[in-house]
Protein chains: 2
Amino acid sequence: MYVTLFNEFAPATIVSVPSRQQNGAAGSPSRKSQGAGAHLFREGDAAASIYEIVSGVFRLTRVLGNGRRQVIAFGFPGDTIGFPKGACHHTDCEAITAAEVIVHRRNALDTVDGDHETHQRLLNAALREISAMQDHFMMLARKSAKEKMASFLVTLAERNGTPIGGYTSCSLPMSRADIADFLGLTVETVSRTLTRLRKENMIALENPQTVLIRDMRALISASQVSE
Amino acid sequence: MYVTLFNEFAPATIVSVPSRQQNGAAGSPSRKSQGAGAHLFREGDAAASIYEIVSGVFRLTRVLGNGRRQVIAFGFPGDTIGFPKGACHHTDCEAITAAEVIVHRRNALDTVDGDHETHQRLLNAALREISAMQDHFMMLARKSAKEKMASFLVTLAERNGTPIGGYTSCSLPMSRADIADFLGLTVETVSRTLTRLRKENMIALENPQTVLIRDMRALISASQVSE
DNA sequence: CGGGACTTTGACGGGTATCAATTAGAGTGG
DNA sequence: CCACTCTAATTGATACCCGTCAAAGTCCCG
């Protein structure tokens, strides 16, 4: 599964692969645990590994010269992260929550000498990621704040939500600033837009980190680009 | 070479590869010519091939339900286009000018049984594309109209420009609407911004399709996100 | 109880979309 | 060669969404 915004929009640099790991026989891939706030890798680091997320949530960011930040994607269990450009990582990757990943050698992409199936799986993840990023372009370029926020919540709910008496509860482990930098908005606009969706009875905020989706149909409708 | 916006921002779905084709001995790849306005492939088409652009300019687009369009990227000679997600293309690709491409079988990505070097080259193109698209995110999300337009012109000039007496002349084969949909702006804003850059003596418009860059330093400076 | 970070809310201004009209350019046929 | 037409590009007027600046509220943890 993957954070694809209702089959129409999706974040980037993270792609889910039909997770068929931990068969025990694989050989090289190892596991790694990660505390909240710890970096999995940083921009400029030698790209020695590619990671499949087992548990936890990650944030991939890229920094602009003047300090501005773009959140490229959030990574959830099942996603693959760490595709390199050449020898180095070109994003920062930080664990938002405690997390666990499967570590693949980076050259699983280079050679097929090793595990052919792993190679193919990672390659397909890369191709799917390209497609997902293309979707995300449209969100950044053409959606209003309300549409962006609704898209984001719908995606998170599909990905991460738990049913509660007909409604869907969904945790937002990332900060408002993270959401803003992901959607191309400001913190204030994110907060205001959440308030607006709340006043329109689409959602309720149990606390700042937990959203209850009260009207999924309306939220999906709000996520579409208006005529 | 690739339309990377001054090593900082770049369009997407198109990646340049060190073009070492046409050695004659390769075997499978064939060539194909393309008239202006003709589609190389459409969204939903079976993805049978991957293309390396030899000459001409292509436009990759994705369409939103209500008719809105996002230009994912422009493809110039040296770029590789047509990465599939699964079995189908997920973008439209149209030749803006008359063009010529090298056709690779799609499964050059799937198997290594064929040309191992081609496989590796296409794979690297895909990885570079991911990185380029991440750059483009920041442009769409965080740049003003003037910064976007300046970035676009700088990129095109580096990619496509011809020196003319100390200045750089650069053709814009695509329409204003294409530029607008690429930068996430409207046609009117694109036009107004060009006028503004002209009045600030950074550029001159010989005709709507030909830009003369009169002050490259100023243009580059204008392409950076302001503090 | 108090400090600090995060979130929310408010007031305001600016940048860009929108609506509308004019101008320029390309192609066509007389 | 010159009207005529159609599309693309430019320019103008206006509205509004969202960013910015500022302040208050909330939560967490010591």
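The values are calculated or read from the model by the stated rules, or taken from the named source; none is laboratory data. Worth saying up front: this structure is predicted, and the values here are computed from it rather than measured. Cβ placement follows ideal geometry from the backbone for every residue including glycine, while neighbour counts extend to all protein chains displayed.
Mind listing just one residue for me: the one in the stretch A:126-172 that is among the β-branched types (V, I, T) and surrounded by 20 or more Cβ atoms within 10 Å (Cβ to Cβ) and, of those, farthest from the other protein chains (Cβ to nearest Cβ)? By that ranking, first place goes to A:T168.
Each row is one residue, and each column tells you yes or no for (1) among the β-branched types (V, I, T); (2) modelled with pLDDT under 90.
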| site | (1), (2) |
| --- | --- |
| B:R106 | no, yes |
| B:D110 | no, yes |
| B:E117 | no, yes |
| B:M149 | no, no |
| B:V154 | yes, no |
| B:A157 | no, no |
| B:P163 | no, no |
| B:T168 | yes, no |
| B:L172 | no, no |
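Among the criteria (1) under 24 Å from B:L183 (Cβ atoms); (2) buried (at least 19 other Cβ atoms within 10 Å of the Cβ), the one A:G75 does not fulfil is (1). In the stretch B:182-200, the qualifying residues are those that are under 16 Å from B:A222 (Cα atoms) and among the aliphatic types (A, V, I, L, M), and the one that is nearest to the other protein chains (Cβ to nearest Cβ) is B:L183.
Each row is one residue, and each column tells you yes or no for (1) touching a residue at least 12 places away in the same chain (Cβ under 8 Å); (2) within 14 Å of DNA strand C (Cβ to nearest atom); (3) over 26 Å from B:V63 (Cα atoms).
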{"site": "A:E147", "(1), (2), (3)": "yes, yes, no"}
{"site": "A:R159", "(1), (2), (3)": "yes, no, no"}
{"site": "A:S175", "(1), (2), (3)": "no, yes, yes"}
{"site": "A:I179", "(1), (2), (3)": "yes, yes, no"}
{"site": "A:F182", "(1), (2), (3)": "yes, yes, no"}
{"site": "A:K199", "(1), (2), (3)": "no, yes, yes"}
{"site": "A:T210", "(1), (2), (3)": "yes, yes, yes"}
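Restricting attention to the stretch B:166-183, the residues that are within 12 Å of DNA strand D (Cβ to nearest atom) and small (G, A, S) add up to 4. Taking the condition within 14 Å of another protein chain (Cβ to nearest Cβ) and at pLDDT below 90, does A:G27 pass? In short, no.
Restricting the stretch B:86-98 to residues that are part of a loop (DSSP other than H, G, I, E, B) and more than 9 Å from chain A (Cβ to nearest Cβ) leaves a set whose member that is nearest to A:S131 (Cα to Cα) is B:H89. Considering the conditions (1) modelled with pLDDT of 90 or more; (2) buried (at least 17 other Cβ atoms within 10 Å of the Cβ), A:T97 is excluded by exactly one of them, (2). Looking across the stretch A:202-227, the residues that are outside any helix (DSSP H, G or I), β-branched (V, I, T), modelled with pLDDT of 95 or more and crowded, with 16+ Cβ neighbours inside 10 Å come down to A:I203, A:V211, A:I213. Say whether the condition of being touching a Cys at 6+ places or on another chain (Cβ under 7 Å), modelled with pLDDT under 95 and either outside the structural domain of A:M133 (by TED's automatic domain parsing) or closer than 29 Å to A:F137 by Cβ (or both) is met by at least one residue in the stretch A:65-72. No: the stretch A:65-72 contains no residue that is touching a Cys at 6+ places or on another chain (Cβ under 7 Å), modelled with pLDDT under 95 and either outside the structural domain of A:M133 (by TED's automatic domain parsing) or closer than 29 Å to A:F137 by Cβ (or both).
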